1. What number goes with the only condition from (1) away from the ligand (no atom under 13 Å from the Cβ); (2) in contact with a Cys (Cβ under 9 Å, 6 or more places away or on another chain); (3) not hydrophobic (A, V, I, L, M, F, W, C) that Gly63 does not pass?
2. Helices (runs of 4 or more DSSP H) wholly in region 1-77 with at least 3 residues that are farther than 30 Å from His383 by Cβ and of a type in the set (A, V, I, L, M) - which ones?
3. Which residue is nearest to the ligand (Cβ to nearest atom), if the candidates are limited to region 413-467 and must be part of a loop (DSSP other than H, G, I, E, B) and acidic (Asp, Glu)?
4. Tell me whether region 199-221 contains one or more residues that are without any contact (Cβ under 8 Å) to a residue 60 or more places away in the chain and either under 24 Å from Glu284 (Cα atoms) or acidic (Asp, Glu) (or both).
5. Collect the residues in region 132-144 that are closer than 26 Å to Val169 by Cα and either more than 8 Å from the ligand (Cβ to nearest atom) or within 10 Å of the chain's Cα centre (by Cα) (or both), keeping them in residue-number order.
6. Does region 362-384 include one or more residues that are among the acidic types (Asp, Glu), more than 25 Å from the chain's Cα centre (by Cα), part of a helix (DSSP H, G or I) and surrounded by fewer than 19 Cβ atoms within 10 Å (Cβ to Cβ)?
7. If you check Arg268 against the conditions, is it under 21 Å from His158 (Cα atoms) and modelled with pLDDT under 95?
Amino acid sequence: MGSVAERLSAELERPGLVLSEPAEVAAYTTDWTRQFSGAAPCVLRPRDTDEVARSVRACRKLGLALVPQGGNTGLVGGSVPRAGEVVLSLSRLNAIEAFDAASASIQVQAGVVLQALHEDLAARGHVFPVDLGARGSCQIGGMIATNAGGIKVLRYGHMREQVLGLEVVLADGTVLSNLNSLKKNNTGVDLKHVFIGSEGMLGIITRAVLQARPAPQAVQTALLALDTRHRLPELLTLLRERLRGLSSLEIITRDSIAFYKEQEPSARAPFDKPYPACVIVEEETGAGGNERDAFVERLSGVIEAGLAADAVIAGSDAQAQAIWRLRDGVTEAISRAGLTHKFDVTVPPGALPGFLDEMERLGDAAGDLRTLLFGHLGDGNVHVNMVQKPELAEQAFYAKGPALAESIYSHVAELNGSISAEHGIGIAKRAYLHHSRSAEEIDLMRGLKRLLDPDGMLNPGVLFKSD
Ligand SMILES: Cc1cc2nc3c(=O)[nH]c(=O)nc-3n(C[C@H](O)[C@H](O)[C@H](O)COP(=O)(O)OP(=O)(O)OC[C@H]3O[C@@H](n4cnc5c(N)ncnc54)[C@H](O)[C@@H]3O)c2cc1C
């Protein structure tokens, strides 16, 4: 019979495609949160669409389930094996294939890392308008599979809004290719949307055509200090009214900044005193010399209205980067600190102040956790992080998870929010999907799964338990 790796190697007849050394395989079996991991008999590392299709057909023939893996930065446990599945890594499909200046579209393979795409487009005077903290590792295929959001959704939307065309390998090895680069193409059901956000359980994304944009002429950045979180909806309204090129609006609470300072004592505090929250504001503007002055003028209206107590306005790229460092630094500090219960949710803007208070109350009531809140304020998207205090044992930390999740997600549902703003459902949230989707919707999703993957071989257990 031979091992799974031996049988796959014999079936595929492609040297270098199957990785089976335990130490090498181990690098693919634990996720970024370190909370999800499992054993895999081997890792398949195809180099192009044809090899992906062959790999899928070989697994199907041998009755093996597959977990597609991109940069493995997903936060809901969907990118690593749970029950001995084979990992199919897209990392070697990393070519940026073609750029069309007339339509500002770019065709890439699924394994292209976001930062590489940013750098390639910058050299062409263009940008790809999705950006997130995992930019150095996350891949375009993984980002499409999770419909990733990030810090510019407010102006440009999620991945879904950037995808013009898609190539997908189906569970039977069929290559479904529609590398469309047209913006207008109303020719029946737009099938790419079935796969965007499907978390690897309906097909494997191998290539995409994406909409790039000309780089903005100038970007203005500021950090606002808020005396109170209770006027956030008013702040949002005023900023939307006054800053027509608003591209990012991020919130970080006082406790999150304090935590970052504890983890990184050399980091500079943004203001002389701690404020209940800070908000990063970024606006894309014209290039003229007085654009910064006009930006300052627009923000002064916010201070005059009593919606911000203080502000730091970047006068150079380095100062803008220092402001953004605060946001990335908080995320990194949390990931280094210890175990964290993570909840990525959206609530309507009007509900934000009460929601932030309620999250801190729930964290305190659970005990021995630090509740650290930050997120994409402009989208009502809050990242709720409940970090293990040193005195809390690992087992006791995990034991608190289900009750916290139930309280948070049912509260989110009462507010007509979403239990997953941008990270997806994966394994971590599948028991709570009913808080955001009706029974009829879940049935239809199951039906799609049965239609496209009747044997349940693609990412089994993601979104809902296998039939
Ligand atoms: C520091 C940090 C900051 C983050 N910030 C954000 C943020 O602001 N916004 C946001 O949306 N997310 C954020 N994330 C989450 C994560 O980066 C995104 O979900 C990202 O889109 C995952 O891409 P990946 O290539 O790492 O995918 P993986 O983690 O490898 O996979 C994610 C899911 O997609 C599937 N998949 C991967 N590749 C393919 C493919 N080619 N075809 C089919 N299925 C595939 C996997 O099976 C899995 O279910 C952050 C993560 C970190 C660590």
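1. If we test Gly63 against (1) away from the ligand (no atom under 13 Å from the Cβ); (2) in contact with a Cys (Cβ under 9 Å, 6 or more places away or on another chain); (3) not hydrophobic (A, V, I, L, M, F, W, C), just (2) comes out false.
2. In region 1-77, 4-12, 49-62 are the helices (runs of 4 or more DSSP H) which contain 3 or more residues that are farther than 30 Å from His383 by Cβ and of a type in the set (A, V, I, L, M).
3. Out of the qualifying residues, it is Glu422.
4. No, region 199-221 contains no residue that is without any contact (Cβ under 8 Å) to a residue 60 or more places away in the chain and either under 24 Å from Glu284 (Cα atoms) or acidic (Asp, Glu) (or both).
5. Ala134, Arg135, Gly136, Cys138, Gly142, Met143, Ile144
6. There is at least one residue in region 362-384 that is among the acidic types (Asp, Glu), more than 25 Å from the chain's Cα centre (by Cα), part of a helix (DSSP H, G or I) and surrounded by fewer than 19 Cβ atoms within 10 Å (Cβ to Cβ).
7. no
Yes/no per residue for (1) at negative phi; (2) more than 16 Å from the ligand (Cβ to nearest atom); (3) over 21 Å from the mean Cα position of the chain (by Cα):
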site: Gly70; (1), (2), (3): yes, no, no
site: Leu75; (1), (2), (3): yes, no, no
site: Gly78; (1), (2), (3): yes, no, no
site: Leu88; (1), (2), (3): yes, no, no
site: Ala95; (1), (2), (3): yes, no, yes
site: Ser103; (1), (2), (3): yes, yes, yes
site: Gln109; (1), (2), (3): yes, no, no
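The values are calculated or read from the model by the stated rules, or taken from the named source; none is laboratory data. Note that the structure is predicted; figures quoted are calculated from it, not measured. Ideal geometry is used to build each Cβ from the backbone, glycine not excepted, and the neighbour counts take in all protein chains shown.
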